[in-house]
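First the structure, which I've put down as structure tokens, then a few questions once you've had a look.
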Amino acid sequence: MHVIDKHLAYDGHYKLSQLRVQDGEEVLKRERFEPGTAVAALVRHTGSQQYILTRQYRIGPEAEIVELAAGMVDSGEEPAQAIRREIQEELGYDVDRLEQIARILPSPGTSAEVITVYYAEVSHQSGAGGGLAEESEKIEAVEFSAEELFAASFEDAKTIIAVQWAQLRKQVI
């Protein structure tokens, strides 16, 4: 299979492309959601030994969910720069240490989205967090002990991946 034609069908907050895909003799018509490149991080405060996640309203499930600090990579920005910026904006912390966990394709059948997931250690809060007013963000920090985090139930795939990564590596202290 290979793409033989692509055009932008919708260009709003996100993009949607229509593609024609050659599959042997058959030509298939498909749509692809193109949200961009994202980053996310499981944040751990080295002083308090608490994991810090976010709670915010998400349009997909039309509900507030608890998930990793996350956001989009801006044009010209590297993923590691983007996650440091997002942690500062959402939680108010400067990152002391950053380790990449995985680069994931959350829904490759319909979406071009790529998410780089990190583990971040923080110790110094230099801002208020809560997100950016100009982006209409209303983000609440939610703290978990390791035991609480590992016992919690999450619906968000990137959060599940990061928590399982931490469990496998015993990132408890």
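Working from Cα positions, state the angle (0 to 90°, nearest 10) between the long axis of helix 79-91 and the longest principal axis of the chain.
Helix 79-91 sits at roughly 50 degrees to that axis.
In debye to the nearest 20, how big a dipole does the chain give about its Cα centre with +1 on each Lys and Arg Cβ and -1 on each Asp and Glu Cβ? Spell out each step's value before the answer.
Values: 17 positive and 30 negative charges, 84 e Å.
So the dipole magnitude of the chain works out to roughly 400 debye.
Let me ask another. Taking amide H atoms as placed 1.01 Å from N in the peptide plane, list the residues 5 or more away in sequence, or in a different chain, whose amide H sits under 5 Å from that of GLY92.
Those lying under 5 Å, H to H, from GLY92 are GLY129, GLY130.
Oh, and also: If I take every Cα pair under 8 Å that is 6 or more residues apart in the chain, average their sequence separation and divide by the length, what percent do I get for the relative contact order?
Numbers: 366 pairs, mean separation 38.7, N = 173.
With pairs under 8 Å counted, the relative contact order is 22 percent.
Using Cα atoms only, what is the angle between the long axis of helix 157-169 and the major principal axis of the chain, expressed in degrees (0 to 90) to the nearest 10?
Around 50 degrees separate the two axes.
Let me ask something additional. log₁₀ I(q)/I(0) of the stretch 92-162 at q = 0.20, 0.21 Å⁻¹, via Debye over equal Cα point scatterers, no solvent, to two decimals?
-1.21, -1.27
How large is ³J(HN,Hα) for each residue in the stretch 12-18, as worked out from phi by the Karplus curve 6.51 cos²θ - 1.76 cosθ + 1.60 (θ = phi - 60°), to whole Hz, x for Gly and Pro?
So the Karplus estimates, Gly and Pro as x, are x, 4, 10, 10, 9, 10, 9 Hz.
Given the chain reduced to its alpha-carbon atoms as identical point scatterers, what log10 I(q)/I(0) does the Debye formula return at q = 0.14 Å⁻¹?
-0.77
Each value in this text was obtained by applying a stated rule to the coordinates, not by laboratory testing. Owing to the predicted nature of the structure, the values given are computational and were not obtained by experimental measurement. We place every Cβ from the backbone using ideal geometry, glycine too, and count neighbours over all the protein chains shown.
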